[in-house]
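To start, the structure itself, in structure tokens.
The values are calculated or read from the model by the stated rules, or taken from the named source; none is laboratory data. Quick caveat: nothing in here was measured; it's all calculated off a predicted structure. Note: ideal-geometry Cβ built from the backbone for every residue, glycine included; neighbour counts use all protein chains shown. Remember, those area values only see protein heavy atoms, side chains included, never the ligands or the DNA or RNA. Shrake-Rupley method; radii C 1.70, N 1.55, O 1.52, S 1.80 Å.
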Amino acid sequence: MTEVRLSGIRKRYGPVEIIPGLDLEIEDGEFVVLVGPSGCGKSTLLRMIAGLEDISAGELKIAGRRVNELSPRERNIAMVFQNYALYPHMNVRENMAFSLRLAKADKATIDQQIARASAILGLDPLLDRLPRQLSGGQRQRVAMGRAIVRDPAVFLFDEPLSNLDAKLRVQMRAEIRGLHDRLKATTIYVTHDQIEAMTMADKIVVMRDGRIEQAGRPLDLYSNPANLFVATFLGSPEMNLLPGTRRESGIDLGEDGVVSIGATLPATAPSQITIGVRPHDLTIVPADDSAFTATVALVEHTGAETVLTCTLASGRKVCVIGPAQISAGKGERIGLAFNTSHLRCFDTQTGRALAA
Ligand code: ADP
Ligand code: MG
């Protein structure tokens with residue numbers, strides 16, 4: 001059982017505290033994605049787990065054992081980096097064998113482990129090639145092969161797909177997730193890409209400024225973001241945010257109208273409330289039938305659907321996603337209907353979500 005436990009983990013660089021005290025529990029076999037904007041401390045946290053960075057305070061346990069003072073090798077983890085870090089003068093086989101040789105594994109074990117990793121990753125035809133004779137995706141696969149041969153209890157990935165083009169990224173995303181489903185090793189995966197997080201994770205951990213904003217299953221975070229940061233970080237185009245004032249009938253958005261929220265807010269709810277509505281939860285209706293009107297400012301066809309940027313009476317913009325075939329054109333006045341069951345309300349001042 002290789003669960004990973006972080007308790008009160010802190011990281012200081014001189015006087016600057018990058019991670020001010022973080023708790024996280026990762027279950028055995030879980031695929032956890034740490035996601036957040038650049039500079040929020042994802043790599044620092046991963047490197048502390050790997051043993052490549054000192055832990056300033058707090059305790060890190062892997063499989064129930066405190067590992068703060070152990071070297072990377074003693075922690076039984078393997079890390080795959082963004083830049084692959086393959087040895088350019090060694091062929092694929094030698095790249096994979098390297099860490100086993102360092103660990104003084106015997107030849108039979110090395111051969112066996114390479115054969116196993118090679119079979120898992122489909123590397124057999126490439127074993128004698130040098131890294132420069134490989135495509136980006138193949139190099140990435142070799143980097144994973146180097147991790148697999150060590151049979152680690154925990155896999156760590158730091159933005160492993162950032163250097164690949166969009167199409168290959170989608171393919172490798174599925175490969176890494178498929179690999180996990182076969183090996184079932186505990187995995188911690190760092191990315192700034194919310195789509196990677198949504199599609200790959202059993203559990204997403206959204207970070208900002210060295211803190212955890214929210215952790216949970218992808219769809220739970222998407223449907224019930226704990227605060228405005230998570231609400232806008234997950235989902236693209238991002239959730240529309242409309243600040244207003246609480247009334248008996250709904251949320252008063254001033255000259256834009258009053259939005260019925262389909263539920264009664266508790267009497268203790270603050271007066272200043274921001275409505276969050278995803279672009280898919282706004283529907284175009286005839287302007288004359290609607291209390292909520294807008295003017296189409298931009299129409300973008302992605303092929304599968306249409307993305308509309310609309311201007312409300314107040315001048316603020318909302319994004320609406322509709323079907324591929326849509327009649328509304330630029331400059332047209334439209335009505336908007338809110339899917340009230342998917343509306344979210346936030347305390348404008350604190351950014352915290354209110355129970356719906
Ligand atoms: P992320 O991986 O989320 O983009 P990092 O963990 O790389 O973020 O960095 C988090 C913060 O720590 C950043 O503000 C970065 O400048 C700072 N930082 C990282 N490494 C060092 C270092 N060796 N010395 C000082 N500050 C550092
Ligand atoms: Mg990083």
Checklist entry - Alpha carbon centre of the range 249-289 versus the range 90-139: separation in Å? => result 57 Å
Checklist outcome for this item: Taking placed amide H atoms and a strict 5 Å upper bound, the residues 5 or more places from Arg12 or on another chain that come that close are Ile18, Ser56
Next on the checklist: With θ taken as phi - 60° and the coefficients 6.51, -1.76 and 1.60, list the Karplus ³J(HN,Hα) couplings across the range 85-99 in order, rounded to whole Hz; mark glycine and proline as x.
Outcome noted: 6, 7, 7, x, 8, 10, 6, 4, 4, 5, 4, 6, 6, 3, 5
Checklist entry - For a paramagnetic label modelled at 7 Å from the Cα of Ala313 toward its Cβ, which residues of the range 251-275 fall within the zone defined by backbone nitrogen distances under 18 Å? => result 251-261, 275
Item to check | Stretch gain in nm, segment Asn339-Ser236, where the contour uses 0.36 nm per residue and the Cα spacing is subtracted | outcome: 35.3 nm
Checklist entry - So for the chain: antiparallel DSSP bridges make up what percent, rounded to the nearest 5? => result 75 percent
Next on the checklist: How far apart, in nanometres, would the label points at Glu27 and Ala85 be if each is projected 7 angstrom from Cα along the Cα-to-Cβ direction?
Outcome noted: 3.0 nm
Checklist entry - What FRET efficiency would be calculated for the residue pair Glu94, Gln133, taking the C-beta separation as r and a Förster radius of 22 Å, to the nearest 0.05? => result 0.95
Checklist entry - Using the beta-carbon distance between Arg73 and Leu265 and R0 = 41 Å, what value does 1/(1 + (r/R0)^6) give for FRET efficiency, to the nearest 0.05? => result 0.15
Item to check | Accessible surface of the range 4-232, 1.4 Å probe, proportion on carbon and sulfur as whole % | outcome: 49 percent
Checklist outcome for this item: With every protein chain kept in place and a 1.4 Å probe, the chain has an accessible area per residue in Å² of 47 Å²
Item to check | Distance from the range 203-235 to the range 299-323 (C-alpha centre basis), Å | outcome: 24 Å
Item to check | Carbon/sulfur fraction of accessible area - the range 237-354, other protein chains in place, 1.4 Å, % | outcome: 50 percent
Item to check | Ala297/Arg211 FRET efficiency (R0 35 Å; Cβ-Cβ; nearest 0.05) | outcome: 0.45
Checklist outcome for this item: Once phi for every residue in the range 137-144 is put through the Karplus expression 6.51 cos²θ - 1.76 cosθ + 1.60 (θ = phi - 60°), the whole-Hz ³J(HN,Hα) values, with Gly and Pro written as x, are x, 5, 4, 4, 5, 5, 4, 5
Item to check | Karplus-derived HN-Hα couplings along the range 164-179 (A = 6.51, B = -1.76, C = 1.60, θ = phi - 60°), whole Hz, x at Gly and Pro | outcome: 9, 6, 4, 5, 5, 4, 4, 5, 5, 3, 5, 5, 5, 5, x, 4
Checklist outcome for this item: Hits in the range 31-64: amide N under 11 Å from the 7 Å Cα→Cβ extension of Glu17, namely 57
